[in-house]
1. What is the fewest-to-most order of Met23, Met75, Met29 by other Cβ atoms lying within 10 Å of their Cβ?
2. Would you mind listing how long the chain runs along its three principal axes, going by Cα atoms, in whole Å with the largest first?
3. Going by how many other Cβ atoms sit within 10 Å of their own, how do Asp61, Asp19 line up, fewest first?
4. What three numbers, in Å, describe the spread of the alpha carbons of the stretch 22-86 along their principal axes, ordered from the longest?
5. On a straight-distance basis, which lysines could pair with Lys191 in a cross-link, Cα separation under 29 angstrom, same-chain partners fewer than 8 positions away excluded?
6. For helix 150-160, what angle does its Cα long axis make with the longest principal axis of the chain, in degrees from 0 to 90 and rounded to 10?
7. Expected output is a single nm value to one decimal: the length gained when fully extending between Ser102 and Glu206, i.e. 0.36 nm times separation in residues minus the C-alpha distance. What is it?
8. Under the rule of -39500 (n - 2.57) per DSSP H run of 4 or more residues, summed and divided by the residues of the chain, what mean residue ellipticity at 222 nm is obtained, to the nearest 500 deg cm²/dmol?
Amino acid sequence: MVDGKIEAIIFDLGNVLIDFDHMLAADRMSNFCEKSGKQIYSLFFNSQITTLFEAGRVTPDEFFAQVKQALNLKMDFNTFLPIWNEIFFFSAKNRAVFSIASSLRGRYKTAVLSNVNTLHFEYLKRAFPIFPIFDHVFTSFELGVTKPEEAIYHSALEALGVSAEKAFYTDDRPELVEGARALGIQGFVFKGAQQLEADLCSLGVEV
């Protein structure tokens, strides 16, 4: 571990390390019901059932059953699964962030902290082999709680063995950064790899 204030660097996953677009799934689902892609997105992707799924409080089968009923989808689970999962892509921005994360390995504790459901996470592990470079990968569905609830940040800090003020956290969603900052974590809103590097350097982190 290097000398200095920051000992652990925690990355959000979606739109930081991996980009995604829920409309890709919504538009494909629209072929199996009477709702448009925009209607599906507004009714479904910000719904309570999705939040419960990310918190691991409903099973994949229960989640699909509720989605199927809510949208009157004319498909089975095996048809739904690839549509649900194939929304992710690895952009030039993601590659730059991954390069920064790789450069920190071995000198700082590194981690991913993500609101993610089990289906997406299992798919991401197969399709995007980025996770092995991190010391820890914390997922909401495994921890049973989602950001910005305090418990999820506390769990990450405890597992990393660092105090809040010695942890750096970046996330593209300001409200999730604020949740981390409320606990004393050094939180920064993600605005691209160049800004991320500047934010790290501002706290003495050697990138």
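1. Details: Met23 14, Met75 18, Met29 23.
The fewest-first ordering by Cβ neighbours comes to Met23, Met75, Met29.
2. Per principal axis, max minus min of the Cα coordinates gives 58, 33, 26 Å.
3. Values: Asp61 9, Asp19 16.
Ascending number of Cβ neighbours within 10 Å: Asp61, Asp19.
4. 28, 23, 21
5. Correct list for Lys191: Lys5, Lys38, Lys93, Lys109, Lys125, Lys147, Lys166.
6. 50 degrees
7. Working: separation 104, 0.36 × 104 = 37.44 nm, distance 1.22 nm.
Roughly 36.2 nm would be gained on extension.
8. Working: 11 runs with 96 residues, N = 207.
Helices in the chain give a 222 nm mean residue ellipticity of -13000 deg cm²/dmol.
Values quoted throughout were computed directly from the atomic coordinates according to the rules given, and no laboratory measurement underlies them. Keep in mind the model is a prediction, meaning the values are calculated, not measured. When we count neighbours, we look across all protein chains shown, and the Cβ atoms used for this are built from the backbone with ideal geometry, even at glycine.
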